[in-house]
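Before any comments, here is the structure.
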Amino acid sequence: MPLPHLIGAQVDVWALGISAIEMAELTPPNWNVHPLRVIFKISKDPPPTLTLAPEDWSPVFHDFLRQCLTKVCVLGCLGVL
C-alpha cells in the first residue's frame, strides 16, 4: 500500500472526528486560533476533546471521538523520517 494512501485514510478519519466535535459543539476545535497555529497545535498538543458539557454525550460517542482522533505514527515508524 503506498504511503500517501495510508496518510490520506488517517486524515479522513481525523477529519471525521473533528467534524463530529463541530456538530456536537457548533464550532470546530481551535476555531479561534490562526490556521497556521492550529497546524502546529495538531502535531504538538493532545487530540481535541469535547469541551462544552462533555457529560451530556454518551460513552459510545466519546469512544468514537477517541478512536477517530488517535494520533498514529506513520512516517517515523516506517523509517521515512
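The values are calculated or read from the model by the stated rules, or taken from the named source; none is laboratory data. Everything numeric in this text was worked out from a predicted model, so none of it was measured. As a convention, Cβ positions derive from the backbone with ideal geometry for all residues, glycine included, and neighbour counts pool all protein chains shown.
When residues of the stretch 28-44 are filtered for being over 17 Å from Val11 (Cβ atoms) and either under 14 Å from the mean Cα position of the chain (by Cα) or modelled with pLDDT under 90 (or both), how many remain?
2
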Give the number of residues within the stretch 1-27 that are part of a loop (DSSP other than H, G, I, E, B) and either at pLDDT below 90 or surrounded by 14 or more Cβ atoms within 10 Å (Cβ to Cβ) (or both). 2
Residue by residue through the stretch 48-65, note down the ones that are under 14 Å from Gly17 (Cα atoms) and in a helix (DSSP H, G or I). Val60, Phe61, His62, Asp63, Phe64, Leu65
Residues of the stretch 45-59 satisfying the condition of being at pLDDT below 95 and of a type in the set (A, V, I, L, M): Leu52, Ala53
